[in-house]
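What follows is a single structure, written as structure tokens, with notes after it.
Just so it is clear, none of the values below were taken in a lab; they were calculated from the coordinates. Only a predicted model underlies this, so the values are computations on that prediction, with no experimental measurement involved. Using ideal geometry, Cβ is built from the backbone for each residue, glycine included, and neighbour counts are taken over all protein chains shown.
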């Protein structure tokens with residue numbers, strides 16, 4: 001997968017991690033990315049821990065959280 005050309009999406013498929021919402025094309029749960037953001041991990045650290053997430057994966061996860069009404073704590077994306 002060329003992560004530079006394909007926009008990210010959060011998807012849920014019962015055959016992938018039992019339906020846990022993940023970044024499309026990966027097995028990385030959206031909540032895992034959000035936990036990294038809440039823990040004040042930098043973008044560099046997140047991409048180092050999860051190199052297969054799309055380049056917009058962090059923003060996709062935060063947008064998914066806002067849209068789904070799951071936002072219980074503010075998230076801050078560090079450079």
Quiz item: So for the pair residue 17, residue 38, with labels modelled 7 Å out along Cα→Cβ, what separation do we get in nm?
Solution: 1.4
Quiz item: Between residue 63 and residue 45, 0.36 nm times their residue separation minus their Cα-Cα distance comes to what?
Solution: 4.5 nm
